[in-house]
Structure formats: structure tokens, C-alpha cells
Amino acid sequence: MTSTFDLAGSLAVVTGASRGIGAGIALGLARAGADVVGVSRTGGDAEVAEAIRALGREYHSLSADLATLEGAHELVARLDELGRPVDILINNAGIAERAPAEEHTDRQWEHVVAVNLTAPFTLARELGARMLARGRGRIIFLASMMTFQGGRSVVSYAATKSGVAGVVHALANEWAGRGVNVNAIAPGYIETDLTSGSHADPERRQAFIERIPAGRWGTPDDLAGAAVFLSSPAGSYVHGVVLPVDGGWLVR
Ligand SMILES: NC(=O)c1ccc[n+]([C@@H]2O[C@H](COP(=O)([O-])OP(=O)(O)OC[C@H]3O[C@@H](n4cnc5c(N)ncnc54)[C@H](OP(=O)(O)O)[C@@H]3O)[C@@H](O)[C@H]2O)c1
């Protein structure tokens, strides 16, 4: 009997697959049977490529600078050249620029908006149109606790992660009846390079642990189950959800 969480035969595109949460999700999707196209800026994804190929799945590595619209469009063109339709898009690549709001520069704002909001929407629109033409597809964005909260010294990040929820709601509303599911995962505090300023400092690390009901930082692997669920037949009636995977942070 086929598992409802089975992704065998699917092709998943994961942006930001070289490290952190993207690598954890890419590996999780591959364990569930998907072949993966991993996208990163630098192409430093040898480790995740090896792990996925060791599972017997295909792994294609593509580089793209998603801080520019040209980069996003070039990526779509290279995906078309693969000659195989994309079943799952994981819009994971993201950055944060830290500065108090009154000192947040134009460049910081524009950079964060470009990577966290404009590129994910552009990819969703382009690959979503191809999915709509086939009558099926899954698109998952990465939201954040900053979708729900303001944070400190991350105003552009909070704005983009709130914006992601708006895009997810709008796309789900337009596409749910046409076979394409659009949802988001909102990770809590996950140990990656992005959060090293907090988890690498023993005192700050401990302060977060005390605030997280689960009593620990999350790992990239903690996000894999939600990504598989939302990508699989088990998630076929789920549309427009922003799913917290946060060790209980939001209910504290
Ligand atoms: N970590 C957390 O606690 C947390 C919490 C909530 C939400 N999130 C979200 O989860 C996602 C992944 O975060 P993470 O913590 O795993 O981050 P990370 O460890 O810093 O990894 C970021 C990934 O994004 C890629 N990337 C960055 N800028 C890019 C660009 N201009 N073009 C193409 N790729 C680019 C990086 O590629 P290179 O390796 O080539 O630079 C890398 O693969 C982000 O959307 C983030 O906002 C994270």
C-alpha cells in the first residue's frame, strides 16, 4: 500500500538547500522519496548532495542569486531546461539584516525584501503557473515567529515574514480549487548560521531555552516532517496555513 506521506517520483525544488533549514528539509523530502533540485547562492551544497544521492535519489545543484529578479528568472529558465516538471517548491532561502529600526538602511531593507519576499513570490508565480497548467503542485514558504511578532532590530525581516503570510493567503485563495496547495511553515528558534548570534552565546542560548516550552533549540531536521506532510497526499486538503514548528514558543 502506498504511504500517504510518500513522495516517490516527485521533483522538489528547495531554495537555500546548502545549509541550515533548507538542507534539513531537502534531506527529509528525499527520505520520503522525492528527487531534489537544491538551489543556493554559492553552490556550497556538496554535503547535502552526497547525503541525498546516498539515499538513491537524484540531486541537481543549481546556483542562483535570489537577491535579484534576474537571478530568480534565470533559475526558472534553468529549471525548465531540466525537462522535468517541478511538483514541489520550497521557498526557503532567506536572510536577516540586523539594525535598530531608526538605523535600518535603505540597502538593508531592499536586500531583505528582495531575498525574503520578492524572489519567493516570483518563483511561486512562475512555477505556480506551470503547476496550475498541470492541475497539481505544492508550494511551501518559510515564515517565522516574526510573522506573528515584531522582534528587535529586524524590522525588514519582520515585514517580509508578515508579507509571506499575506502572499500565502492570497495564492491559496486563488489556487486551492485548481490543484495547487500553498502553505507556509513558521519555524521557531532553530540552530543555524542565521541564528548563531543567539545560540553561540551561552547566556543568550540558555535564555531562549528557558522561554521555549519544549526546553531546547530546534534543529533543521525538526522542520522535515512538516515539509513532508505539506508536500504529500496527506496534506492534500490543507491550504493557506502558516504552520508553527516552534517547540511551543507562540503559546508561552
Ligand atoms: N533559523 C531559524 O531560527 C529560522 C527561524 C524562522 C524562519 N527561518 C527561515 O528559514 C529559512 C532558512 O533559514 P536558515 O536559518 O536555514 O538560514 P541559513 O542557515 O543562513 O541558510 C540560508 C540559505 O539561504 C541561501 N541564500 C541566502 N541568500 C541567498 C541568495 N541571495 N540567493 C540564493 N540563496 C541564498 C543560502 O545559500 P548560501 O549557502 O549559498 O549562502 C543558504 O542556503 C529562511 O527563510 C529563514 O528566514 C529561520
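In region 62-99, of all residues being near the ligand (Cβ under 10 Å from one of its atoms), among the small types (Gly, Ala, Ser) and in a loop (DSSP other than H, G, I, E, B), the one that is nearest to Ala159 (Cα to Cα) corresponds to Ala96. Residue selection: Ile21 satisfies the criterion of being near the ligand (Cβ under 9 Å from one of its atoms) and in contact with a strand residue (DSSP E or B) (Cβ under 8 Å, 6 or more places away or on another chain).
In the set Leu132, Leu194, only one residue is away from the ligand (no atom under 12 Å from the Cβ), surrounded by fewer than 22 Cβ atoms within 10 Å (Cβ to Cβ) and at pLDDT 95 or above; that residue is Leu132. Evaluation of Leu117 against the conditions (1) farther than 19 Å from Leu66 by Cβ; (2) assigned to a helix (DSSP H, G or I); (3) within 16 Å of the ligand (Cβ to nearest atom) shows that the sole unmet condition is (1). If the condition is being touching a Pro at 6+ places or on another chain (Cβ under 9 Å) and within 16 Å of Thr219 (Cβ to Cβ), then region 5-27 contributes Arg19, Gly20, Ile21, Gly22, Ala23, Gly24, Ile25, Leu27.
This table checks each residue for (1) among the aliphatic types (A, V, I, L, M); (2) in contact (Cβ under 8 Å) with a residue 40 or more places away in the chain.
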residue	(1), (2)
Val168	yes, yes
Glu174	no, no
Asn181	no, yes
Gly235	no, yes
Leu243	yes, yes
Arg252	no, yes
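Selection within region 1-15: residues that are under 21 Å from Arg84 (Cβ atoms) and not β-branched (Val, Ile, Thr). The member of this set that is surrounded by the fewest Cβ atoms within 10 Å (Cβ to Cβ) is Gly9. Is there a residue being within 24 Å of Leu27 (Cα to Cα), basic (Lys, Arg) and modelled with pLDDT of 95 or more anywhere in region 205-223? Scanning region 205-223 turns up at least one residue that is within 24 Å of Leu27 (Cα to Cα), basic (Lys, Arg) and modelled with pLDDT of 95 or more. Among the residues in region 29-49, are any over 16 Å from Leu230 (Cβ atoms), surrounded by fewer than 14 Cβ atoms within 10 Å (Cβ to Cβ), among the aliphatic types (A, V, I, L, M) and more than 13 Å from the ligand (Cβ to nearest atom)? No, region 29-49 has no match at all.
So which residues in region 63-81 are within 14 Å of Val113 (Cα to Cα) and not hydroxyl-bearing (Ser, Thr, Tyr), if there are any at all?
Matches in region 63-81: Asp65, Leu66, Ala67, Leu69, Ala72.
Scanning region 135-182 for residues that are among the polar types (S, T, N, Q) and within 16 Å of the chain's Cα centre (by Cα), we see that the one that is surrounded by the fewest Cβ atoms within 10 Å (Cβ to Cβ) is Ser162.
The values are calculated or read from the model by the stated rules, or taken from the named source; none is laboratory data. Because the structure is predicted, anything quoted here is derived from the model rather than measured. All Cβ positions, glycine included, derive from the backbone under ideal geometry; neighbour counts span all protein chains shown.
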